[in-house]
Amino acid sequence: MMILTARLPGVSFWLDVEQDPTEKGMRHGVRNSKDVLIYLTEGLIESKYCQMEMRWALEFEKNIILVIETDERHGKPSIEKLIALCPPDLKHIFADNVIIPWYRDPAFREISVEKIIRARSVKKAGPTVMAESTTKLKFMTRSKSSDSGGGDVFDWTFVYFTVLCGVALPGAGTKTKVWSVAVRIILLTCGFMCLSRIFTTEGPAFWDTGTIVQIVVAHPIIFLFLHVTLTILKSPLIADLLENRIDAPVEAKILRLKTRIGTCMAALLTVSLSFWGWAAYLPAFFDMYYLESTSQQRPATLLLFGLAHGLTWVLILPLFFGSLFASLLMMFVLQELSFMALLTSFNELSPEFTRSGITATVATNSGLNINELDLYRFQVSFLENWKIYKALQWRASIPFVVFWFLEFGLMSWSFWSLSQGFEAEPEDPRVDRLRENWFLRVRLSWFLGSSLWFGAGAWIVALTPFGVSYYAWRMEMQAKQILFTHPGLRHSFLAFLAGFDLNFRVLFLHATVRLLPLYVCILIMNTVGFDADAVRIWRAV
C-alpha cells in the first residue's frame with residue numbers, strides 16, 4: 001500500500017487493520033472502493049473474512065485485481081490448491097482475472113507495480129476515455145455482433161468455419177470436440193481407402209498410381225497440421241499468452257477484420273476446390289461399370305468399391321480442404337498473437353503505445369519521454385515474450401518441416417520429368433484413359449490447379465512460414481521511427497532489438513527474405529516438372 005501510495009498521489013486506500021476491521025466496516029470498505037486488490041498467500045482462501053470480501057466485490061461489481069506472492073518465505077501459495085479449496089461460487093474469480101506475480105526484488109517489483117496500476121478501473125479524463133485494464137483475448141465469440149466484447153477479437157465466421165472443418169477452439173462445447181475427433185478419424189480412414197485404390201486398377205476410377213500416391217500422402221500431412229494446431233491451442237503457453245501477455249487493443253481489433261477476410265477466402269477456396277474435385281471423381285465412382293458390376297458378371301466387390309469411395313468422397317473433400325485451410329488460418333492467428341505479445345512489450349515504454357498502438361504512435365513523430373527504468377521494463381518483457389514467440393515457432397514448425405522435406409525429395413522426380421521434354425507420349429497408358437473418360441481430364445486439371453505437392457496448395461502451404469519475415473521487417477522499421485527525448489536511450493533500445501531474430505528458423509527451414517528465392521526456385525521446379533508430365537500426356541490426347 002505504501003508503494004502504491006507513492007506511485008498514485010491523491011488516491012485513497014482502505015485497509016481493514018488500519019481502519020474498521022469489523023464485518024460492517026469491511027463491507028463498507030469494499031462497497032466504497034473502485035478496485036479490490038486480493039493478495040494471494042497461503043491460507044487466504046480458508047479465511048471466512050477474505051471469502052466475504054471476495055463475495056462483496058462480486059456483489060458490488062468491483063474491479064478485482066489478483067496479486068500472488070512469489071516468495072516461499074512470505075507464504076507463496078499453490079494456485080491449484082487455492083482453487084481447489086475455493087468455494088464453488090468464488091472459483092470463477094481466478095479464471096476471470098489476471099493474476100499478477102509480486103516480486104520483492106526492487107527492479108522486478110517495479111514491473112509488478114506497473115501491472116497493478118494498469119489493472120485499475122480508473123479511466124483517463126479528456127475527450128478520449130480509455131480503460132487501463134488488460135485486454136484479455138478469447139478464441140470463442142458469444143454473438144455475431146461486432147460489439148460482442150473487447151476480448152472476443154475473432155470474428156464469428158472464423159469460429160463457425162473452424163468448427164465445421166473439425167478444429168475445436170478452446171472453449172468449444174462437447175459436440176464440437178466430438179466432431180473434431182471424428183474429422184481426424186475420417187481423414188485417416190479416407191487415407192487408407194485411397195491407398196486401397198492402388199490395388200484396384202480395374203474400371204474408370206483408376207487413372208494412374210502417381211495421383212493416388214499424392215492423395216494418400218496428403219492425408220497424414222493434413223492430419224499432422226490439424227493435430228499440431230489443436231495441441232498448440234490447448235497448451236498452457238497459449239493460455240498464458242491470451243490471459244497475461246497481450247494488451248494490444250488496436251491490433252486485436254485489426255486481427256478480427258483479418259480473420260474475417262481470411263475466413264472468406266478459405267471458405268471460397270474450400271467450396272470451389274470441392275466442387276472441382278467432385279466433378280473429377282464422383283462420375284468415376286458412380287459409373288455404371290461399378291454400379292452394374294453384378295449384372296455384368298464382374299466381382300461384387302466392385303459395386304462396394306464404387307459406392308464406398310463415392311459416398312466417402314462426397315463427405316471427405318470439403319473436410320479435406322477445409323481442415324487444411326482452417327489449420328493454416330489458425331497458424332496465421334497464432335503468428336499474429338505471438339507478434340501482438342511482442343508489441344505489448346512496447347507498452348512498458350509509454351502509455352501511448354497502449355492507447356493508440358505502435359503504428360499510430362510512430363506516425364505522430366513526437367518524442368517520447370522514456371527513462372532508463374521504462375527501457376529496463378521493456379527489455380524484461382520483450383525477452384519473455386520473444387521466448388514464447390520462438391517456442392510457438394518450434395511447435396508450429398513440425399508439419400512445415402515435414403512438408404518441405406517431401407518437397408526437396410520431389411525435386412529428383414521433377415528433374416527427370418523436365419529431362420523428358422514436352423513432346424507428346426502417345427504410348428503412355430494414361431492417354432487412352434483420358435480419351436475414354438471426360439472426368440479424368442477434369443481430374444488432371446484439378447491436380448494441376450490444387451495439388452498439395454505441385455499446385456496452388458503447395459504454394460500456399462510452402463510460403464506460409466515466410467509471412468513471419470513481414471513481421472520482422474515491420475517491427476524493425478517501426479522501432480527505427482520511434483523518437484526518444486533521450487537520444488542515448490534510443491541507441492540502447494535499437495541495439496537491444498537488433499539482437500533478436502524474429503524470422504522463422506527451424507532446422508533446415510530458414511524462412512528468410514534472403515533465402516526466399518531459393519525456396520521459390522524449388523517450388524517452381526516441382527510445379528513445372530508436374531506440368532511437363534501433364535503437357536506430354538495432353539498433347540498425345
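The values are calculated or read from the model by the stated rules, or taken from the named source; none is laboratory data. Bear in mind that the values here come from a model prediction, so they are computed numbers and not experimental data. Cβ sites come from the backbone with ideal geometry, for glycine too, and all protein chains shown count toward neighbours. Ligands, DNA and RNA are excluded from the accessible area calculation, which covers all protein heavy atoms including side chains. Shrake-Rupley method; radii C 1.70, N 1.55, O 1.52, S 1.80 Å.
What to note about this one:
This table checks each residue for (1) in a helix (DSSP H, G or I); (2) of a type outside the set (A, V, I, L, M, F, W, C); (3) closer than 18 Å to Gly210 by Cβ.
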| site | (1), (2), (3) |
| --- | --- |
| Gly467 | yes, yes, no |
| Tyr470 | yes, yes, no |
| His491 | yes, yes, no |
| Ala495 | yes, no, no |
| Arg505 | no, yes, no |
| His510 | no, yes, no |
| Leu523 | yes, no, no |
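- Residue in region 342-356 that is free of Cβ contacts under 8 Å to residues at least 24 places away in the same chain and touching a helix residue (DSSP H, G or I) at 6+ places or on another chain (Cβ under 7 Å) present: yes
- Ala205, sole failed condition from (1) more than 25 Å from Asp531 (Cα to Cα); (2) touching a residue at least 24 places away in the same chain (Cβ under 8 Å); (3) not basic (Lys, Arg): (1)
- Residues within region 170-199 that are assigned to a loop (DSSP other than H, G, I, E, B) and touching a helix residue (DSSP H, G or I) at 6+ places or on another chain (Cβ under 6 Å), tallied: 1
- Check on Met288, in the same structural domain as Gly203 (by the TED database) and under 19 Å from the mean Cα position of the chain (by Cα): no
- Residue pairs meeting the criteria (Cβ under 8 Å; at least 6 apart or on separate chains; first closer than 15 Å to Ala396 by Cβ, in region 213-238; second aromatic (Phe, Trp, Tyr) and assigned to a loop (DSSP other than H, G, I, E, B)): Leu233/Phe139
- Within region 428-465, the set of residues being outside any helix (DSSP H, G or I) and within 25 Å of Met411 (Cα to Cα) comprises Asp428, Ser451, Leu452, Trp453, Phe454, Gly455.
- A single entry from Phe223, Phe206 fulfils the requirement of being open to solvent by 50 Å² or more (accessible area, probe 1.4 Å) and more than 30 Å from Ile100 (Cα to Cα): Phe223.
- Enumeration of residues in region 226-238 that are modelled with pLDDT under 85 and open to solvent by 50 Å² or more (accessible area, probe 1.4 Å): Lys234, Pro236
- Hey, Pro426 in contact with a helix residue (DSSP H, G or I) (Cβ under 6 Å, 6 or more places away or on another chain), under 30 Å from Glu336 (Cβ atoms) and in the same structural domain as Phe493 (by the TED database) or not: no
- Close contacts from region 18-45, counting a first residue that is at pLDDT below 85 and a second that is surrounded by 14 or more Cβ atoms within 10 Å (Cβ to Cβ), with Cβ to Cβ under 7 Å and a gap of 6+ residues or different chains, come to Gln19/Gly29.
- Residue among Leu4, Leu37 that alone is closer than 20 Å to Glu110 by Cα and not in a helix (DSSP H, G or I): Leu37
- For region 244-286, filtered to residues that are outside any helix (DSSP H, G or I) and either surrounded by fewer than 19 Cβ atoms within 10 Å (Cβ to Cβ) or small (Gly, Ala, Ser) (or both), the residue that is modelled with the highest pLDDT is Phe286.
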